[in-house]
1. So which residues in segment 26-61 are at pLDDT below 75 and either in a helix (DSSP H, G or I) or of a type in the set (K, R) (or both)?
2. Mind telling me which of the residues N152, N156, N167 ends up being farther than 30 Å from G56 by Cα, assigned by TED's automatic domain parsing to the domain that holds K55 and surrounded by 18 or more Cβ atoms within 10 Å (Cβ to Cβ)?
3. Can you tell me which residues in segment 83-133 are polar (S, T, N, Q), in contact with a His (Cβ under 7 Å, 6 or more places away or on another chain) and within 23 Å of S219 (Cβ to Cβ)?
Amino acid sequence: MHLFSGLLYKNISFSLTQSIKVNKGIVVLLICLFTTSCAIKNGSINTYVNPSYQKGEIARLAFLSYRNPDFSNIEANMIDRMVLEATRKKNPEINILSHSETMKLIVENVLEGELEEFLDKYNTEGIVDKLILHKFSRHLGIDGIMRGRLINKEQNEGDGFFLRGENRIMISYSILKCKTGKSIWEVTANGVRVNALNTIEPPPMIEAVNLAINKVTDSIPHL
């Protein structure tokens, strides 16, 4: 009887020990899955500041809205507001015209055609039309133009198993000096947002945009 009880006790102890080991293994596995399934949020940036620029050369700057069919008006307005406010905050001594103020002057001076031509060349080919910039300077009384554009936008769905939904965006901003047509400041920013879980739907694109825009606003120079 004592021998049977001893064997039974040993079997129960062995089962409990094995059960605890299994449970620990499950916990470790869950921790590994959780840590490897964290959402990825990343922003990177490349900047350039013209070394020949002298502080004070820009006294009046025209801001042109970031308009792109890939974004809704609400998203575009949010981007505009963030960049415009950051530029004004870092340069309170400069008269920075908003997009609406710039467009009012464009219309008053009948320069809509020139603006369309300028933006088409700049956005599609990266070409700065100096003659049009000189005309803007004379008629609008500005020393520079600030403009942004979308370089790349990528949205990928997950497969529900291994691949996670993700968004990637690359945008650029620059400040052009009207007198020379050269860039005073240029920035290219990337935003990457990847889902935490292996879901099929990608995260909202605006989250990747925010990551990139935050990099842009942090790099705006003191003019």
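The values are calculated or read from the model by the stated rules, or taken from the named source; none is laboratory data. Just so it is clear, the model here is predicted, and its values are computed rather than measured. Reconstructed Cβ throughout: ideal geometry from the backbone, glycine too, with neighbour counts over all protein chains shown.
1. Result: I26, V27, V28, L29, L30, I31, C32, L33, F34, T35, T36, K41.
2. N167
3. Matches in segment 83-133: N91 only.
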